[in-house]
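Engineer: After the C-alpha cells below, expect a handful of questions from me.
The values are calculated or read from the model by the stated rules, or taken from the named source; none is laboratory data. Please read all numbers here as calculations on a predicted model, not as lab measurements. Note that each Cβ is placed from the backbone with ideal geometry, even for glycine, and that neighbours are counted across all protein chains shown. Accessible surface areas use protein heavy atoms only, side chains included; no ligands, DNA or RNA. Shrake-Rupley method; radii C 1.70, N 1.55, O 1.52, S 1.80 Å.
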Amino acid sequence: LDKTAREQMFESFLDRQKAMGRSIDDLFQRLCSAVSEEEALADELISRGEFAEAARVLARIPEPSVRVLNKLGCLHREHLYDYVKALEYHQRALTQVMNAHERAETLLFLGFVYHNSNDYR
C-alpha cells in the first residue's frame, strides 16, 4: 500500500476503536500483553455481543491459559447458560499452575456456576 492508503487505513482503524470506546492506550496495552490473536479476536466478538462465536474462537486455542479458561467459563455461564461447560472450563483452570489471585478468581467463578445452577452441595 502507498503511504496515503496506509494512513487512511490506520485512521479508519482508530475511528472504529474510538467508536467501541477504546483508546490508543488500550491498543498499546494489548500489543504489550500476552494476549494471543485468538483471544483478542474473541474479546472483539464479545464486545459486539457475538458470544457463541467468541466461545468457539477461545475453545480453539491449543494450550489455553487460566485467563482464557476462566473467560470461556464465564461466557458459558453468563451468556450461553451452559453451566456444565462453564463448570468444566473453571475446573480445568484449577488444574493449571496459578498465582493466588487467579486461584481466588477461579474459585469465585466456580461458586457463581454452582449458584446459577442451584447446586448447593
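Engineer: Report, by residue number, each residue of the range 17-64 that is on the phi > 0 side of the Ramachandran plot and at pLDDT below 90.
Structural biologist: Residue satisfying the conditions is G21 alone.
Engineer: I've got another one for you. Taking into account only those residues within the range 68-121 that are hydroxyl-bearing (S, T, Y) and open to solvent by 40 Å² or more (accessible area, probe 1.4 Å), which is farthest from R56 (Cα to Cα)?
Structural biologist: Y120
Engineer: Taking interchain pairs and intrachain pairs at least six residues apart, which have beta carbon atoms under 7 angstrom, with the first residue in the range 53-81 and within 15 Å of L94 (Cβ to Cβ) and the second open to solvent by 40 Å² or more (accessible area, probe 1.4 Å) and of a type in the set (D, E)?
Structural biologist: The qualifying pairs are V66/E102; N70/E105.
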